[in-house]
Amino acid sequence: MSQKFGYLLLSIFLSFSVFSQEKKVTREDVLNLLITSDSLMFKTKYKQSLLLSNEALKKAKQLKNDNLIALSYNSIAGNYEEILEEDKALDFYKKAVVYSEKASNDTLKNWFYNNIGNIYLYRKNNVDVGIEYYNKSLEFSNRLKDTASTVLTKLNLSWAYFQKKDYTKAIQNLDFAEKHIDYMRFPDTETYLNLLLGMKFNHLKDNEKAKLYYEKAIAISTKNQLDSYLSDSYEQFANHLFEIGDYKNAYLALDKHEEVKDRVFRSENIKNAELVALKIELEESKKEIQKIKKERSLQSDNLKKTKIIVTLILVFLMLMMFLLYILYRNNIFRRKINNFLESKNEELNIAKEKAEEASKLKTQFISTISHELRTPLYGVVGITNMLSDEHKELANSPHLNSLKFSARYLLSLVNDLLQINKIEENKVVLEHVTMNVADEINMVSNSLSFIATRNNNKVITEIDPTIPEFLVGDKIRLSQILMNLVSNALKFTQNGEVKIKAGLDRKENSLCYIKFEVIDTGMGIAEKDLGKIFDKFVQIDRKEDDYQGAGLGLSIVKKLVKLFGSEIFVKSQEGKGTAFDFTIAFDSDSSKVNEIINNIPVDLSNAQIYKVLVVEDNKINQMVTRKIMEKSNFKTLIVDDGYAAIEALSKEPFDVVLMDINMPLINGFETTKLIRKKGLTIPIIALTAFAKDEISEEAFEAGMNDVLIKPFEPTKLIYSIEMLVKRKND
């Protein structure tokens with residue numbers, strides 16, 4: 001880190017104030033060039049900065065102005081310092097000192113000694129020599145009573161003494177800088193001050209203040225794009241976090257430090273700057289050549305003859321080049337076209353790779369979130385069923401029924417949100433189960449009663465009595481549609497009513513077309529917004545409270561209604577309310593209804609007592625699975641990992657293994673492979689929160705016999721156990 005930036009701008013502004021009194025445009029041009037050059041250097045655009053500072057040097061020498069020449073050399077040296085050409089930077093700084101001495105300008109000498117100290121401290125890591133030059137700078141700033149310069153030098157001295165672990169002197173210099181920071185309150189100096197204050201309080205073990213100042217330094221440098229300061233701020237913050245034992249955040253801060261550091265030096269700026277630096281050296285060489293030419297004035301006649309010969313040769317070469325250009329014009333054109341096409345093809349390949357990578361990351365994200373959300377849902381659903389089983393008096397409790405329904409709805413919503421890409425690709429398959437329309441509507445109404453109470457709304461249900469008692473369809477998806485529509489209506493209605501209607505629209509053979517309507521007396525939707533309310537992530541401004549949500553509800557509703565082979569319609573008037581309606585066909589064939597009912601496994605008990613080995617690391621899931629097994633009179637042994645499962649199987653026989661997939665030490669797939677290697681043919685059922693289509697193939701290849709996705713219906717698990725054990729025994 002270096003504070004030379006502050007000196008460069010400060011020198012320009014102060015010098016401008018000195019010379020602007022003289023009305024000569026050329027001097028103002030030099031100063032403007034230097035200001036722009038330093039600004040570009042702060043933005044790490046070293047190539048442009050060096051070009052401008054070199055141009056400023058030319059004009060300053062034409063003016064024979066020692067002050068401007070010194071400032072120009074200082075600007076060039078600053079760029080060399082930034083591209084890590086320390087020796088060249090020192091050379092130019094020393095040239096700047098020479099011209100400042102010619103101009104008898106103690107202010108400039110003060111600044112340049114500080115900058116030389118910066119190189120020895122920050123670039124060459126020679127702290128003692130750096131301190132020596134800083135003290136020279138302080139002599140001039142104290143003599144001139146230049147508090148601003150003193151503040152910057154004190155900040156650099158504080159850093160130097162921190163490196164020497166001379167904390168007393170470091171804090172002494174820092175306290176002075178903090179007290180007088182108003183003389184130099186710029187983004188870079190404020191960042192530097194806050195970073196040093198963080199180091200101070202880190203040394204004093206005041207962790208709260210240390211963290212505060214480190215974060216201030218990071219915030220200011222981020223806001224002002226001061227990447228050099230940002231890199232050092234992250235590095236010192238990481239060191240502080242390591243000292244207090246916050247290793248996670250320490251590594252995050254260290255990663256940020258490396259990222260910013262790479263960003264500064266990874267670009268082509270250094271290469272471009274080296275080229276421009278070479279050009280500057282060539283300019284200096286040309287000046288030396290001009291001196292030599294003057295000294296060789298006696299050879300001018302021979303040089304003139306040589307020039308004539310060279311000119312003739314050049315003319316000949318130009319003619320030859322013109323002929324070659326004519327001959328190969330078409331070939332060059334073809335090459336350009338080929339290069340252009342290759343470039344575009346490369347860009348397309350890069351874009352394709354990025355798209356594939358993004359798709360891969362999206363798939364990984366969906367898989368991870370799916371697992372992390374389904375795992376606690378398994379506990380919620382399981383514990384809800386346990387409450388219902390253990391407390392029979394709650395069997396008809398509307399609260400418990402609402403909880404069950406909400407858990408079921410939440411599971412469906414989580415699945416749809418995480419697999420919305422599958423919905424868009426029409427990969428979601430509707431279920432066919434028996435359902436009662438009145439029960440589903442009442443369950444939705446009861447589950448959302450708290451929203452109705454909060455907004456002082458009344459929920460009215462009107463159900464056509466001619467609708468058959470039992471229908472076949474996907475009641476979860478239907479409930480999800482109604483939940484989204486009714487919850488929206490309740491949220492955007494105050495002191496009004498929401499009406500849920502279901503009527504038999506028509507009947508064709510065994511299909512009953514049920515028309516559903518959700519009508520509210522709320523604030524309504526503007527006509528201009530009706531066309532976009534079903535878009536993803538859209539939340540219409542209804543000029544009321546800021547209602548929260550992801551903006552996915554109506555989008556999911558529209559897609560689910562489309563899955564039913566239908567379409568949803570909306571009518572709305574601002575200030576009067578909104579009405580949604582859609583019609584869905586359900587099968588009312590009594591034979592199909594009875595077949596589905598008869599195929600539902602309801603017998604959770606069994607005369608046969610099985611010994612079940614449960615391999616599960618989650619304590620709540622262990623409890624839920626144990627209760628399901630005990631309800632069926634199964635004996636259960638629970639272990640936390642795959643190695644414990646293998647040990648248990650070697651000690652005693654079991655009828656079936658319930659295997660989790662994502663476990664510590666060894667996962668369910670590897671555990672199953674080890675069991676099969678031992679020659680054991682015991683049935684193994686995977687109980688996992690991963691999506692079934694993601695793991696089924698790997699599960700069966702590992703030797704598992706079935707896969708159930710958490711949360712699942714206990715009847716499905718019992719049925720699977722009985723079938724697999726029976727198949728093995730037969």
(message) Under 20 Å from a point placed 7 Å out from the Cα of residue 104 along the Cα-to-Cβ direction: which residues of region 67-83 have their backbone N that close?
(response) 67-71
(message) Within a 10 angstrom radius of the beta carbon, how do 145, 95, 611 rank from fewest other beta carbons to most?
(response) 145, 611, 95
(request) Report the local net charge at residue 238: Lys and Arg +1, Asp and Glu -1, summed over other residues whose C-beta lies under 13 Å from its C-beta. (result) -4
(request) Any chance you could run the full-extension gain for residue 62 through residue 449? It's 0.36 nm times the residue separation minus the Cα-Cα distance, nm to one decimal. (result) 130.8 nm
(message) If you scale each eigenvalue of the Cα gyration tensor by 5 and take the root, what three semi-axes come out for region 159-229, rounded to whole angstrom and sorted largest first?
(response) 19, 14, 11
(message) With the crude spin-label approximation of a point 7 Å out along Cα→Cβ, what separation in nm comes out for residue 345 versus residue 326?
(response) 3.4
(request) Using label points projected 7 Å from each Cα along Cα→Cβ, tell me how many nm separate residue 147 and residue 698, to one decimal. (result) 6.7
(message) Below 13 angstrom from the Cβ of residue 212, what's the summed charge of the other residues (Lys, Arg +1; Asp, Glu -1)?
(response) +1
(request) Taking the Cβ of residue 501 as the centre, find all other residues whose Cβ is under 15 Å away and add up their charges (Lys, Arg: +1; Asp, Glu: -1). (result) -4
(request) Going by C-beta contacts inside 10 Å, put 353, 132 in order with the fewest on the left. (result) 353, 132
(request) Output the pairs from 64/294; 59/109; 651/673; 619/678; 145/211 with a Cα-Cα distance over 23 Å in this structure; if there are none, say none. (result) 619/678; 145/211
(message) On a full-extension model of 0.36 nm per residue, what is the gain between residue 589 and residue 433, subtracting their alpha-carbon distance, rounded to one decimal in nm?
(response) 54.9 nm
(message) As a footprinting exposure proxy, order 321, 629, 523, 659 by other Cβ within 10 Å, with the fewest listed first.
(response) 321, 523, 629, 659
(request) Would you mind computing Rg(Cα) / (2.2 N^0.38 Å) for region 601-729, counting N as its residues? (result) 0.96
(request) If a/c stays under 1.5 just call it rounded; otherwise compare a/b with b/c (prolate if a/b is bigger, oblate if not). Do that for region 41-155, with a ≥ b ≥ c from the square roots of the Cα gyration tensor eigenvalues. (result) oblate
(request) With viscosity set to 0.890 mPa s and temperature to 25 °C, compute the Stokes-Einstein D of region 660-730, Rh being the Kirkwood radius across alpha carbon pairs; µm²/s, no decimals. (result) 194
(request) Provide the gained length on full extension for the span residue 246 to residue 458, in nm with one decimal, where the gain is 0.36 nm per separating residue minus the Cα-Cα distance. (result) 71.1 nm
(message) What translational diffusion coefficient, to the nearest whole µm²/s, does region 186-269 have by Stokes-Einstein, given a Kirkwood radius computed over alpha-carbon pairs, a temperature of 20 °C and 1.002 mPa s viscosity?
(response) 171
(request) Convert each backbone phi in region 623-632 into a coupling constant with the Karplus relation 6.51 cos²θ - 1.76 cosθ + 1.60 (shift: θ = phi - 60°), then list the ³J(HN,Hα) values in order as whole Hz, x for Gly and Pro. (result) 5, 5, 5, 4, 5, 4, 5, 5, 5, 9
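Read the figures in this text as sums done on the coordinates, not as results from a lab. Everything numeric in this text was worked out from a predicted model, so none of it was measured. Methodologically, a virtual Cβ is constructed for each residue, glycine included, from the backbone with ideal geometry; neighbour enumeration extends over all protein chains shown.
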